[in-house]
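Structure record follows, encoded as structure tokens.
The values are calculated or read from the model by the stated rules, or taken from the named source; none is laboratory data. What you see is a predicted model; the values in this text were computed from it and never measured. Every residue, glycine among them, receives a Cβ derived from its backbone with ideal geometry; neighbour counts consider all protein chains shown. Heavy atoms of the whole protein, side chains included, go into the accessibility calculation; ligands, DNA and RNA do not. Shrake-Rupley method; radii C 1.70, N 1.55, O 1.52, S 1.80 Å.
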Amino acid sequence: MNKVFKTLAIYTVIFAVVFGLVTFIDQKPSGAVKEVSYSEFTNYIANGELKEVTFKELEITGVLKDDKKVHTYAHSSLDINRLHTDYLDQQSREGLVNVKNTKPEKESWIVSLIPTLIMIGALVFFWTMIMRQQGGGKAMSFGKNRARLQKENTKRVTFKDVAGLEEEKEELEEIVDYLRGPKRYISQGARIPKGVLLVGPPGTGKTYLSKATAGEAGVPFFTISGSDFVEMFVGVGASRVRELFKEAKAHAPCIIFIDEIDAVGRRRGAGMGGGHDEREQTLNQLLVEMDGFDEHAGIIILAATNRPDILDPALLRPGRFDRQVVIDIPDIKGREAIFNVHAKNKNLADDVDMHVLARRTPGFTPADIENMLNEAALLSIRRRKNAIGMAEVEEAITKVIAGPQKKSRVVSEKDRWLTAVHEAGHAVVARTLPDADPVHQITIVPRGRAGGFTMTLPKEEVSYVTKSRMEAMIVELLGGRVAEQVILGEISTGASNDIQRVTSIARDMVTKYGFSESLGTINYSSSQELFLGRDFGSKQEYSEDTAKQIDIEVKKIVHTAYEMTVNIIKEYKDTLLEIANALMELETINGDQFEKLFKGEATSKSLAAEEENLDETNKHSEENKVEEISEETQPQDESENKEAENIGKEDEEAFSDDIQKEE
Ligand code: ADP
Ligand code: ZN
């Protein structure tokens, strides 16, 4: 950054100097020349004060008797003729004045062009220099650019900053020990892996754990990303790799971290046609370097990927990345630990309970958690609170789950009603199923791509899922679509996400968990898919016949569930309508309100009235917060909902987006 500014400054100075010079040259009659009006000039001549007059077309320069120079322009050649006949002819004959006529010289047009040419030249020079600095120049000097390979010495993280991941840390402990004292390993003839592949979805802490490993061992950490190579010029990637290893060798013992190794380490020859020369060259260079250094060189290479399945097998051979550490999305305990790590530098209010937060955030990656806490901090600043309260945290959680709240988005009444009916459908169905989770919140406020959502919370964290629970999940998901169908008589694209999830649950029941009778307890899914969520059908390990049977079974499960959902919706039609009305009034209703509506203890009207009263009293008790209430939080007082424990699953659909765009 600094460097760019420096060069820019230098070029600006050069440019300014050239510009100045050119303007200086361009200034024609040089020396102390006094610019005068034509009539003044005529006076000089008439009074015989000039000893020399020089004509150059319409331009006239005169030298006064005291050697001062005056300069002017005639209006036309007639003027000049008149000057001659009236005064100059006679005066020159008498030898009083010396009249010179400078014919417009032949080369004069070239001369006049010179400044322009210099200007153009300077501009071109200036421009190319800038271009080279940005693009081409990089290509030429990148191989030698060490800036990005520099050691990370900003605040060291160690294993104690890494929450959870106990087994993963244990696996890396050996490497830490080796890096602390490679000599012991050498003398005992023990071999240590050169490369360790960290496998896991984005945001799970692969980079963080690698840094912590370096921090724990107290060695330098060199980092490079596979995606850096993708846009590079041929040959640059390979030379970067060479340079990286050279640098690392000079600083051994140390750790090299290659992020997104799949970007460069993809199976060779797997690309579409040519054009992958650069990547392959880089990969080859990486392999050469890995083989090139001795096991005892004190260099450990950690690499991160989410797709070990697409890596070139050569990378995984012994002596290269022959060890894998899988990092998964954290479970409830892990989440609580991560909350505790990141809460240390945040000012949290006493009502924020880490245990509750952990239960509220299933599926969150460490990056999500960090992001969420930051959102909460920003919210509390915006609300001018001096500590982050549970209300902010709750809102931040919802924000991270479903993207930023979009109150400003204009949603037509018809769309709102559709969403209300859809969400009420989910909630009512969930309420009637013994195996479904209690409803925690329903909203039709659009967030991110979701038109609205229904949030249910499990009573306790479950580590296994029963068949009837999975069926209940399917029915609950279908509730939205079926409500649209039964109540409105038309269906929308808003249920596309529901349907996708229904399909994948039903598929899992058949292919993973052996819940279907005709196919039996056989796992038809590939093992990778279990933890990495690979696409279906990418690696089919069963016959066409089996595939057909799987489809039939999946269809059967979904069909049965659909019939069941239709019956529920029809039976509870009135309740559902009341809930949908309440959603239209309040936009968001919490678990208690839902329960009252369901049991008939409240109506949409009574709830709306209640809510208004609450708002009134709030307004009176907190005069200074009126502004924020109207702008920020409408009926979102979930913080008071103390038994709110855990988001089991939230369900979102892309109403407005889909309605506008899809099919
Ligand atoms: P990845 O490399 O897997 O995409 P990162 O290493 O960049 O993920 O992790 C994202 C953020 O999450 C890190 O900056 C770190 O603050 C946080 N984080 C990740 N894992 C942990 C952990 N085990 N404990 C605490 N914080 C973590
Ligand atoms: Zn839905």
> So which residues in the stretch 355-376 are modelled with pLDDT under 90, open to solvent by less than 20 Å² (accessible area, probe 1.4 Å) and away from ligand 1 (no atom under 15 Å from the Cβ)?
Replying inline: Arg360
> Looking at the stretch 303-319, is at least one residue in contact with a strand residue (DSSP E or B) (Cβ under 8 Å, 6 or more places away or on another chain) and under 30 Å from Leu457 (Cβ atoms)?
Replying inline: yes
>> Just the residues that are open to solvent by 60 Å² or more (accessible area, probe 1.4 Å) and either free of Cβ contacts under 8 Å to residues at least 12 places away in the same chain or touching a Lys or Arg at 6+ places or on another chain (Cβ under 7 Å) (or both), please, taken from the stretch 500-521.
In response: Gln500, Glu517, Thr521
> Can you pull out the strands (runs of 3 or more DSSP E) entirely within the stretch 36-123 that have at least 3 residues that are at pLDDT 85 or above?
Replying inline: 50-56, 59-64, 69-73
>> Would you confirm whether or not the stretch 318-328 contains a residue that is open to solvent by 30 Å² or more (accessible area, probe 1.4 Å) and without any contact (Cβ under 8 Å) to a residue 40 or more places away in the chain?
In response: yes
> Does the stretch 525-538 contain at least one residue that is more than 16 Å from ligand 2 (Cβ to nearest atom) and either modelled with pLDDT of 70 or more or under 29 Å from Leu577 (Cβ atoms) (or both)?
Replying inline: no
>> Taking the condition of being under 20 Å from Phe453 (Cα atoms), open to solvent by 60 Å² or more (accessible area, probe 1.4 Å) and of a type in the set (Ser, Thr, Tyr), how many residues in the stretch 573-604 meet it?
In response: 0
> Do you know which of the residues in the stretch 417-447 that are open to solvent by 10 Å² or more (accessible area, probe 1.4 Å) and acidic (Asp, Glu) is nearest to Asp498 (Cα to Cα)?
Replying inline: Asp437
>> Checking Gly20 against (1) exposed (fewer than 12 other Cβ atoms within 10 Å of the Cβ); (2) modelled with pLDDT of 85 or more, only one condition comes out false. Which one?
In response: (2)
> Which number in (1) open to solvent by less than 10 Å² (accessible area, probe 1.4 Å); (2) closer than 26 Å to Val264 by Cα; (3) assigned to a helix (DSSP H, G or I) marks the one condition that Leu179 misses?
Replying inline: (2)
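This table checks each residue for (1) within 16 Å of ligand 1 (Cβ to nearest atom); (2) among the β-branched types (Val, Ile, Thr); (3) modelled with pLDDT of 80 or more.
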position	(1), (2), (3)
Glu395	no, no, yes
Thr398	no, yes, yes
Ile401	no, yes, no
Ser412	no, no, no
Ala420	no, no, yes
Glu423	no, no, yes
Ala436	no, no, no
Gly451	no, no, no
Thr454	no, yes, no
>> Here's a check for you: in the stretch 199-214, which residue that is open to solvent by less than 10 Å² (accessible area, probe 1.4 Å) and out of contact with any Leu (no Cβ under 6 Å at 6 or more places or on another chain) is farthest from ligand 1 (Cβ to nearest atom)?
In response: Ala214
>> Here's a check for you: in the stretch 182-198, which residue that is among the small types (Gly, Ala, Ser) and touching a helix residue (DSSP H, G or I) at 6+ places or on another chain (Cβ under 9 Å) is farthest from ligand 1 (Cβ to nearest atom)?
In response: Ala190
> Which of the residues spanning the stretch 552-572 are within 42 Å of the chain's Cα centre (by Cα) and open to solvent by less than 70 Å² (accessible area, probe 1.4 Å)?
Replying inline: Glu553, Val554, Ile557, Val558, Ala561, Tyr562, Thr565, Val566, Ile569
> Checking Gly237 against (1) in a helix (DSSP H, G or I); (2) more than 16 Å from ligand 1 (Cβ to nearest atom); (3) at pLDDT 85 or above, which test does it fail?
Replying inline: (3)
> Would you pick out the residues in the stretch 288-307 that are open to solvent by 10 Å² or more (accessible area, probe 1.4 Å) and assigned to a helix (DSSP H, G or I)?
Replying inline: Val288, Glu289, Asp291, Gly292, Glu295, His296, Ala297
>> Given the condition modelled with pLDDT of 80 or more, in the same structural domain as Ser187 (by TED's automatic domain parsing) and crowded, with 21+ Cβ neighbours inside 10 Å, answer yes or no: does some residue in the stretch 272-282 qualify?
In response: yes
> Given Arg307, Arg317, Arg323, which one is under 14 Å from Val199 (Cα atoms) and modelled with pLDDT of 85 or more?
Replying inline: Arg323
